[in-house]
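Below is one structure, written out as structure tokens; the observations come after it.
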Amino acid sequence: MRGIRFQFCHWSLRFAHLLVLGVAGHAALVLQSALQGSANRLRVSGNESNRDWCYCEKEATLARSLDFWTISSENLIDVLPVDPVNENYVRKVKNCIFSVAFPTPFKSKVRLVAVSKEVLEDVLDLSLSVSETDDFIQLVSGGKIVFGSIPLAHRYGGHQFGIWADQLGDGRAHLIGIYMNRQGEKWELQLKGSGRTPYSRNGDGRAVLRSSVREFLCSEAMHHLGIPTSRAASLVVSDDEVWRDQFYNGNITKERGAVVLRVAKSWFRIGSLEILAHYGELDLLRTLLDFIIHEYFPSVNVRGPNRYVDFFSIVVSEVAQLIALWMSVGFAHGVCNTDNFSLLSITIDYGPFGFMEAYNPDFVPNTSDNERRYKIGNQANIGMFNLNKLLQVLNLLFDPMQKQRAAQMLDGYPAVYYTRFRKLFKAKLGLLGEGEGDDELIAFLLHLMEKTEADFTMTFRQLSEITESQLQELNISQQFWALKRVSEHELFPTWVSQYLLRLKSNMNDTDSERRKRMTTVNPRYVLKNWMAESAIQKAERNDFSEVRLLQQVLQRPFQRNPAAETAGYASPAPSWSKGLRVSCSS
């Protein structure tokens with residue numbers, strides 16, 4: 001598979017017609033030409049040609065059809081080996097990074113649930129009107145593929161709940177190609193829920209509407225909260241039956257199959273390296289690491305003798321930053337296994353995640369996590385565990401001095417994390433400069449919130465909206481319902497006195513400026529589980545209105561939205577949501 005290149009002269013694009021073909025009819029042709037090195041290889045437009053044509057002749061315009069819009073896996077398969085076995089059956093795969101695997105089309109009608117205008121236009125250079133076409137629906141559901149694209153499933157392993165799980169891989173996801181947009185950014189497009197691959201194990205390769213709604217909404221919500229994440233371009237649903245044991249309790253129910261088109265700069269994760277180390281594929285490990293460094297870590301000299309040490313240093317720092325950001329918005333990932341932990345330190349693989357409502361450091365969104373390993377208060381420790389697994393892989397390539405340096409970097413992770421956490425929470429409280437008691441002030445408030453079970457998001461948001469004079473009076477109105485809950489604690493007046501005294505030390509600051517500043521870092525809306533569940537229940541009836549409303553609201557989480565207020569998204573959770581459980585299966 002190495003060395004295959006797909007090229008197309010610029011002018012010949014004028015003769016292109018429909019660049020999407022049915023999967024079944026196209027698969028044999030692509031595989032025969034690509035994998036067997038046929039003299040009659042498909043001559044299709046690569047992204048370089050597309051980029052030249054689109055931005056030289058039609059600069060600053062968006063594609064209004066898929067006719068001249070192309071993606072390619074060329075950047076990956078030129079360097080990284082592909083499984084020589086063509087057939088799509090579950091098996092142990094070795095000595096490669098990818099397997100060729102084509103999506104399985106749905107048998108029933110496919111409906112568009114939602115689409116991200118921002119991702120289409122700003123990332124993929126597509127006009128929103130393209131989403132109304134049948135070609136688009138077929139592409140994002142796995143019914144058709146872009147002509148010339150070779151869909152890939154990635155091979156990786158991982159530690160799940162602290163235990164080595166051996167080969168895992170993309171069991172229901174297909175990387176359908178890479179797109180280079182007008183900013184020169186490369187984005188990998190991946191369908192999730194698009195059918196079985198060699199890595200499906202005992203799974204059916206499908207995702208259900210319930211989990212797909214959650215992933216679509218949360219990945220976009222996290223982006224607009226300023227947290228590194230994969231993005232979601234579209235969500236479609238079929239009427240194909242998919243059977244799931246939602247809570248792993250033996251109660252199997254019928255659901256509907258759905259597909260999310262996800263985009264990210266890269267889908268490589270710690271488990272991508274672990275599988276190679278586990279099977280002693282060290283030459284391939286070096287190849288993949290060098291590729292990752294060259295593509296995604298431009299500050300590292302890919303030819304330098306200490307490149308893997310420098311790479312590890314950056315990953316340690318960025319993991320600390322990512323988890324501190326999660327904590328700042330009360331987000332618990334739910335399954336921080338090494339196979340779900342991005343090497344680029346972006347949030348990926350949204351499963352049984354949750355935004356904490358009542359502040360509780362023991363909050364666990366995943367009902368199958370009986371040992372509470374992935375509780376929100378343990379995420380920083382899990383980050384260190386995962387980094388240690390990465391270090392164990394890299395140690396296979398280090399000399400003694402490099403091992404020592406890398407170990408020191410890992411030892412420094414807690415301090416880096418604490419520094420990032422402290423900075424974020426000081427901003428959440430509107431604190432400027434350094435105060436001797438800042439750490440105690442933050443810890444004191446969190447203690448009060450825990451004891452009163454106050455809403456995490458709205459307590460900080462309402463601190464951003466209340467005036468200092470209102471706080472000083474200690475008579476918190478119902479308008480600030482979350483803060484009012486905290487005020488029920490007997491030590492609340494003590495905290496308020498300390499807080500107001502600290503605010504006076506803010507240099508060149510006013511109360512209005514403090515509130516304005518705090519409202520830019522404390523969201524008014526996050527995707528609480530009850531909100532997602534309400535949207536899911538309607539979507540199951542083909543009413544996608546609340547999915548789209550939540551999408552709209554979560555695109556501007558720091559701004560008050562009248563429709564969101566009417567829907568109660570900034571109010572206490574409704575009574576029906578008490579005891580609501582997050583599903584394990586997806």
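The values are calculated or read from the model by the stated rules, or taken from the named source; none is laboratory data. Computed from a prediction, not measured in an experiment: that's the story for all the values here. So basically every Cβ, Gly included, is an ideal-geometry build from the backbone, and we count neighbours across all protein chains shown. Remember, those area values only see protein heavy atoms, side chains included, never the ligands or the DNA or RNA. Shrake-Rupley method; radii C 1.70, N 1.55, O 1.52, S 1.80 Å.
Helix check for the chain. Which DSSP H runs span at least 20 Å along their own axis by Cα, with a mean Kyte-Doolittle hydropathy no less than 1.0?
Qualifying helices, which must be both long enough and hydrophobic enough, are 307-328.
Any aspartates and glutamates with Cα under 18 Å of the LYS92 Cα? List them, leaving off those in the same chain fewer than 8 positions away.
Cross-link targets: ASP83, ASP166, ASP170, ASP204, GLU274, GLU281, ASP339.
In segment 149-228, if every C-alpha pair distance is counted and binned at 10 Å from zero, what percent goes to each bin?
16, 34, 41, 9, 0
Which order do peptides 572-578, 528-534, 232-238 fall in by mean Cβ count within 10 Å, highest first?
Result, highest mean first: 232-238, 528-534, 572-578.
Using bins 10 angstrom wide from zero, how does P(r) for segment 380-498 break down, in % of all Cα pairs?
Histogramming segment 380-498 at 10 Å steps yields 11, 34, 22, 15, 12, 5, 1 percent.
222 nm [θ] for the chain, helices only, -39500 (n - 2.57) per DSSP H run of 4+, per residue, to 500?
About -12000 deg cm²/dmol.
Find the eigenvalues of the gyration tensor of the Cα atoms of segment 211-306, then list the square roots of 5 times those eigenvalues as equivalent ellipsoid semi-axes, largest first, in whole angstrom.
Working: eigenvalues 255, 82, 25 Å².
Gyration-tensor ellipsoid for segment 211-306: 36, 20, 11 Å.
Roughly how many Å is it from the Cα centre of segment 201-216 to that of segment 535-586, as a whole number?
19
Could you pull out every residue, at least 5 positions away or on a different chain, whose amide H is within less than 5 Å of the one on HIS159? Hs are placed 1.01 Å off N in the peptide plane, and Pro or chain starts have none.
So HIS159 has HN proximity to ALA165, THR338, ASP339.
For the chain, with only Lys/Arg (+1) and Asp/Glu (-1) charged at the beta-carbon, what is the dipole magnitude about the Cα centre, in debye rounded to 20?
I would put it at about 680 debye.
Quick one: of LYS94/LYS186; LYS426/LYS516; LYS426/LYS451; LYS423/LYS528; LYS192/LYS265, which pairs are farther than 18 Å apart, Cα to Cα?
LYS94/LYS186; LYS426/LYS451; LYS423/LYS528
Taking the simple approach of a point 7 Å from Cα along Cα-to-Cβ for both GLN408 and ASN95, what is their distance in nm?
Distance between label points: 4.0 nm.
Which of ILE536, PHE385, ILE77 sits closest to the plus end of the dipole of the chain, meaning its Cα is farthest towards the positive end, when Lys and Arg get +1 and Asp and Glu get -1 on the C-beta?
So the residue we want is ILE77.
Could you estimate the translational diffusion coefficient of the chain from the Stokes-Einstein equation, with Rh from the Kirkwood formula over C-alpha pairs, at 4 °C and 1.567 mPa s, in whole µm²/s?
51
Leaving out ligands, DNA and RNA, what percent of the accessible area of segment 256-352 is carbon and sulfur, probe 1.4 Å? Before the final figure, lay out the partial values.
Details: 1230 of 2480 Å².
That share works out to 50 percent.
Roughly speaking, what % of Cα-Cα pairs in segment 296-409 are separated by over 18 Å, rounded to a whole number?
Percent of Cα pairs beyond 18 Å in segment 296-409: 53.
Counting heavy atoms of the protein chains only and a 1.4 Å probe, report the per residue accessible area for the chain as a whole number of Å².
On the way: 23820 Å² over 586 residues.
Heavy-atom SASA per residue in the chain reads 41 Å².
Dividing the alpha-carbon radius of gyration of segment 80-232 by 2.2 N^0.38 Å (N being the number of residues), what value is obtained? Present the calculation step by step, with values, prior to reporting the outcome.
Details: Rg = 16.2 Å, N = 153, 2.2 N^0.38 = 14.9 Å.
Segment 80-232 yields a ratio of 1.09.
From Cα pairs below 8 angstrom and at least 6 apart in sequence, can you work out the relative contact order of the chain, rounded to a whole percent?
RCO, the chain: 12 percent.
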